[in-house]
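Accompanying notes for the structure given below.
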Amino acid sequence: MSFIVNIHDFHHFHHKELIFLFIIKKLPIWNYDGSSTYQAHGSNSDTYLHPVALYKDPFRRGNHILVMCDTYKFDGTPTDTNHRKGCLEVVNKCIDEEPWFGIEQEYTFLDFDAHPLGWPKNGFPGPQGPYYCGVGANKVYARDVVDAHYKACLYAGIKISGTNAEVMPAQWEFQVGPCLGISIGDDLWMARFILHRIAEEFGIVATLDPKPVPGDWNGAGAHTNVSTKAMREDGGIKDIENAVAKLAKVHERHIRAYDPKQGQDNARRLTGKHETSSINDFSAGVANRGCSIRIPRGVNDEGKGYFEDRRPSSNCDPYAVVEAILRTICLDE
């Protein structure tokens, strides 16, 4: 059966998600050369793409779409980097608790020489202090790139909710969420893809390295804000505190899940300095950005809301992060 759908007509529908789901079901399973991406051997290289999420294409526009896919081996098992399948299984077990996530994605712009964009080529800018949420050509660099990325994400249908200049010059952040369950991972990965594409068009590089500049400079994280239905109801602070107590017992397991190198990347960032906790110790506090888990002041005052896990690295896999958090706070695993 053939079909034609005009993406620009989606505003006429009240349930865009159902339309997208319909299209996804009609898309074929594709394959690519997994040996070129270190996911298969050349003698058996076909690796399969299973469509899972759909976005409007902000680059080609019109009827064009961007498709998020899961990757699978020839025998039907997920590739080693496919953490979405396991995450989705856990999310489905917790769906009655309506888990919301919001992720603050920090990143850094670089020149082709791997030097932070706008920094003196033979030295360093002034110390950190005036750059965070700054304004002015001597404070922030590449705001036009950031704005282009933000507009492209809005067009695509990503639930992007904000952006700001970060503490280190040439470092920025955008926020995705709140999203229900697995959609936080889909939206964040697509937002990252669009970020790299936008940076490419401006002739610069966007890096997710957690510590792009050694020394007395802030690193980059993916602070993950978490809320369940019970946490959002009156008296939810008790549920937040219970979740924090559970997280305290499995700190090392979460550290391994929070960056692709099982803690090695985060070891460069989580030093106990520059608004981070120590990678070796678990801590929690109200309004304390030097803790593993921060409970915002407003949440503590209101007695309900959410908590922020500040440990995930900027290059984390959000699916792995969500799965680890839900296993701990909802499934007691």
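In segment 115-137, what residues are on the phi < 0 side of the Ramachandran plot and either surrounded by 13 or more Cβ atoms within 10 Å (Cβ to Cβ) or of a type in the set (Ser, Thr, Tyr) (or both)?
Within segment 115-137, His115, Pro116, Leu117, Trp119, Phe124, Pro125, Gln128, Pro130, Tyr131, Tyr132, Gly134 qualify.
Taking the options Val91, Val146, name whichever one is without any contact (Cβ under 8 Å) to a residue 40 or more places away in the chain, surrounded by 17 or more Cβ atoms within 10 Å (Cβ to Cβ), under 19 Å from Leu188 (Cβ atoms) and not polar (S, T, N, Q).
On inspection, the qualifying residue turns out to be Val146.
Return the total of residues in segment 201-216 being hydrophobic (A, V, I, L, M, F, W, C), more than 16 Å from Gln105 (Cα to Cα) and open to solvent by less than 40 Å² (accessible area, probe 1.4 Å).
So the answer is 2.
Within segment 113-128, is even one residue modelled with pLDDT of 95 or more, out of contact with any Phe, Trp or Tyr (no Cβ under 6 Å at 6 or more places or on another chain) and either among the acidic types (Asp, Glu) or more than 17 Å from Trp217 (Cα to Cα) (or both)?
Within segment 113-128, not a single residue is modelled with pLDDT of 95 or more, out of contact with any Phe, Trp or Tyr (no Cβ under 6 Å at 6 or more places or on another chain) and either among the acidic types (Asp, Glu) or more than 17 Å from Trp217 (Cα to Cα) (or both).
Under 9 Å between Cβ atoms, which residue pairs at least 6 apart in sequence (or on different chains) link something in segment 228-256 that is outside the structural domain of Ile295 (by the TED database) with a partner that is assigned to a helix (DSSP H, G or I) and surrounded by fewer than 19 Cβ atoms within 10 Å (Cβ to Cβ)?
Hits for this filter: zero, empty list.
Quick check on segment 185-194. Is at least one of its residues surrounded by fewer than 22 Cβ atoms within 10 Å (Cβ to Cβ), touching a residue at least 12 places away in the same chain (Cβ under 8 Å) and assigned to a strand (DSSP E or B)?
No, segment 185-194 contains no residue that is surrounded by fewer than 22 Cβ atoms within 10 Å (Cβ to Cβ), touching a residue at least 12 places away in the same chain (Cβ under 8 Å) and assigned to a strand (DSSP E or B).
May I ask you to list the residues in segment 271-322 that are outside any helix (DSSP H, G or I), among the charged types (D, E, K, R) and open to solvent by 40 Å² or more (accessible area, probe 1.4 Å)? Steps first, answer last, please.
Residues of segment 271-322 outside any helix (DSSP H, G or I): 271-296, 303-317.
Okay, now just the ones that are also among the charged types (D, E, K, R), so 273, 275, 281, 289, 294, 304, 308-311, 317.
Selection gives Lys273, Glu275, Asp281, Arg289, Lys304.
Across segment 161-176, which residue is farthest from Gly215 (Cα to Cα) among those that are aliphatic (A, V, I, L, M) and crowded, with 21+ Cβ neighbours inside 10 Å?
Initially, segment 161-176 is screened for residues aliphatic (A, V, I, L, M), giving 165, 167-168, 170, 176.
Checking which are crowded, with 21+ Cβ neighbours inside 10 Å leaves us with 165, 168, 170, 176.
Values: Ala165: 20, Met168: 12, Ala170: 16, Val176: 29 Å.
Here the residue is Val176.
From the set of residues in segment 56-77 that are closer than 15 Å to Ser35 by Cα and part of a strand (DSSP E or B), which is nearest to the chain's Cα centre (by Cα)? Step through it out loud before you land on a result.
Residues of segment 56-77 closer than 15 Å to Ser35 by Cα: 71-74.
Adding the requirement that they be part of a strand (DSSP E or B) leaves 71-72.
Working: Thr71: 19, Tyr72: 22 Å.
Here the residue is Thr71.
Just name the residue that is nearest to the chain's Cα centre (by Cα) out of those in segment 257-270 that are in contact (Cβ under 8 Å) with a residue 40 or more places away in the chain and open to solvent by 50 Å² or more (accessible area, probe 1.4 Å). Lay out the reasoning, then the answer.
The first filter runs over segment 257-270 and keeps only residues in contact (Cβ under 8 Å) with a residue 40 or more places away in the chain, leaving 257-260, 265-266, 268-270.
In the following step, the residues that additionally are open to solvent by 50 Å² or more (accessible area, probe 1.4 Å) were identified as 260, 268.
Details: Pro260: 13, Arg268: 19 Å.
Filtering segment 257-270 for residues that are in contact (Cβ under 8 Å) with a residue 40 or more places away in the chain and open to solvent by 50 Å² or more (accessible area, probe 1.4 Å), the one nearest to the chain's Cα centre (by Cα) comes out as Pro260.
Looking only at segment 217-248, filter to residues that are touching a Ser or Thr at 6+ places or on another chain (Cβ under 8 Å) and open to solvent by 40 Å² or more (accessible area, probe 1.4 Å); which one of those is farthest from Ala320 (Cα to Cα)?
Among them, the one singled out is Asp239.
The values are calculated or read from the model by the stated rules, or taken from the named source; none is laboratory data. Just so we're clear, the structure is a prediction, and the values are computed from it rather than from any experiment. Glycine gets a Cβ as well: all are built from the backbone with ideal geometry, and neighbour counts include every protein chain shown. Areas reflect the complete protein model, heavy atoms only, side chains present, ligands, DNA and RNA absent. Shrake-Rupley method; radii C 1.70, N 1.55, O 1.52, S 1.80 Å.
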